[in-house]
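The values are calculated or read from the model by the stated rules, or taken from the named source; none is laboratory data. Keep in mind that this is a model prediction, so the values were computed, not measured. Here the Cβ positions follow ideal geometry from the backbone for every residue, glycine too, while neighbour counts run over all protein chains shown. Quick note on the areas: whole protein, heavy atoms, side chains included, nothing else; ligands and nucleic acids left out. Shrake-Rupley method; radii C 1.70, N 1.55, O 1.52, S 1.80 Å.
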Protein chains: 2
Amino acid sequence: MNLDFGKLGGLVPAVIQDYATGRVLMLGFMNEEAFRKTVETGFATFYSRSRSKLWLKGETSGHRLVVKEISTDCDLDSVLLRVEPLGPGVCHEGYQSCFYRTLKNGEWIVSENRAFDPGQIYGSRK
Amino acid sequence: MNLDFGKLGGLVPAVIQDYATGRVLMLGFMNEEAFRKTVETGFATFYSRSRSKLWLKGETSGHRLVVKEISTDCDLDSVLLRVEPLGPGVCHEGYQSCFYRTLKNGEWIVSENRAFDPGQIYGSRK
């Protein structure tokens, strides 16, 4: 299950897709340890570039991502995880998907309503 | 339509998803120029890290990606393109999706048949 972590300084991009609906929920990064933890635990675990440490998705909110299937691409330098999300949304801004803005006439427009109140879930981390 | 290209040395990851089926087809990278060309032309254009130049997807194969919708995430550091793929597959290995291998018992297993013969499409570049 070797992946090529060398192209991106020890990381691979990880696309997170809802197993049931097909919606792309977020994109994170994994280092080798995060990937191994993801496989071993069955919960998506990332490497936080801003905090420089492993990050179990949902560790604060409880909104973990249950891994149903993991794929890799032709170059072994990115992964696709199809998941069952626990909770109403994956985005720390309160949306179902982090991709909640679409491009319209050169502007990013919020194209959906919030699924939860991030202040209630994350408290001061909002 | 500002994006944050600073976190990854001038690039953002671009997830490519089939507009009709929802399948994730590939992950590429865009620099600012590639993103602008994508928006202007309506065809997905990437920055090739191996060749260090812009890369119009389908320039060799004819299998261009017609952009139907572009989204960005909460941090403005990745994009999601929902596309209509022209041609049977996006992968230079001949598969519909670059994510043609799934993890089974610790091994990457090819989980689908080729959609086209890459030797016929790419010739010696195969």
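Restricting attention to segment A:73-85, which residues are under 19 Å from B:ASP73 (Cα atoms) and either without any contact (Cβ under 8 Å) to a residue 24 or more places away in the chain or open to solvent by 30 Å² or more (accessible area, probe 1.4 Å) (or both)?
Scanning segment A:73-85 gives A:ARG82, A:PRO85.
Residues in segment B:1-56 that are assigned to a helix (DSSP H, G or I), more than 13 Å from chain A (Cβ to nearest Cβ) and buried (at least 21 other Cβ atoms within 10 Å of the Cβ): how many?
Qualifying residue count for the region: 1.
Do we have A:LEU76 as within 12 Å of chain B (Cβ to nearest Cβ) and under 19 Å from the mean Cα position of the chain (by Cα) here?
For A:LEU76, the condition - within 12 Å of chain B (Cβ to nearest Cβ) and under 19 Å from the mean Cα position of the chain (by Cα) - is met.
The conditions are (1) open to solvent by less than 20 Å² (accessible area, probe 1.4 Å); (2) among the aromatic types (Phe, Trp, Tyr); (3) more than 10 Å from every other protein chain (Cβ to nearest Cβ), and A:PHE116 fails exactly one of them. Which is it?
Only one criterion in (1) open to solvent by less than 20 Å² (accessible area, probe 1.4 Å); (2) among the aromatic types (Phe, Trp, Tyr); (3) more than 10 Å from every other protein chain (Cβ to nearest Cβ) is unmet by A:PHE116, namely (1).
I need a count of the residues in segment B:95-111 that are of a type in the set (Gly, Ala, Ser) and open to solvent by 40 Å² or more (accessible area, probe 1.4 Å).
Here the count works out to 1.
Say whether the condition of being within 18 Å of B:CYS74 (Cβ to Cβ) and out of contact with any Asp or Glu (no Cβ under 7 Å at 6 or more places or on another chain) is met by at least one residue in segment A:64-72.
Yes, some residue in segment A:64-72 is within 18 Å of B:CYS74 (Cβ to Cβ) and out of contact with any Asp or Glu (no Cβ under 7 Å at 6 or more places or on another chain).
Would you check if A:TYR122 is under 20 Å from B:GLU69 (Cα atoms) and either of a type outside the set (Gly, Ala, Ser) or open to solvent by less than 10 Å² (accessible area, probe 1.4 Å) (or both)?
So A:TYR122 fails the test.
Per-residue answers, yes or no, for (1) under 24 Å from A:VAL67 (Cα atoms); (2) in contact (Cβ under 8 Å) with a residue 60 or more places away in the chain; (3) hydrophobic (A, V, I, L, M, F, W, C):
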site: B:GLU40; (1), (2), (3): no, no, no
site: B:THR45; (1), (2), (3): no, no, no
site: B:LEU56; (1), (2), (3): no, no, yes
site: B:GLY87; (1), (2), (3): no, no, no
site: B:SER111; (1), (2), (3): yes, no, no
site: B:PHE116; (1), (2), (3): no, no, yes
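So how many residues does segment B:98-112 have that are at the interface with chain A (Cβ under 7 Å from one of its Cβ atoms) and not basic (Lys, Arg)?
Final tally of qualifying residues: 7.
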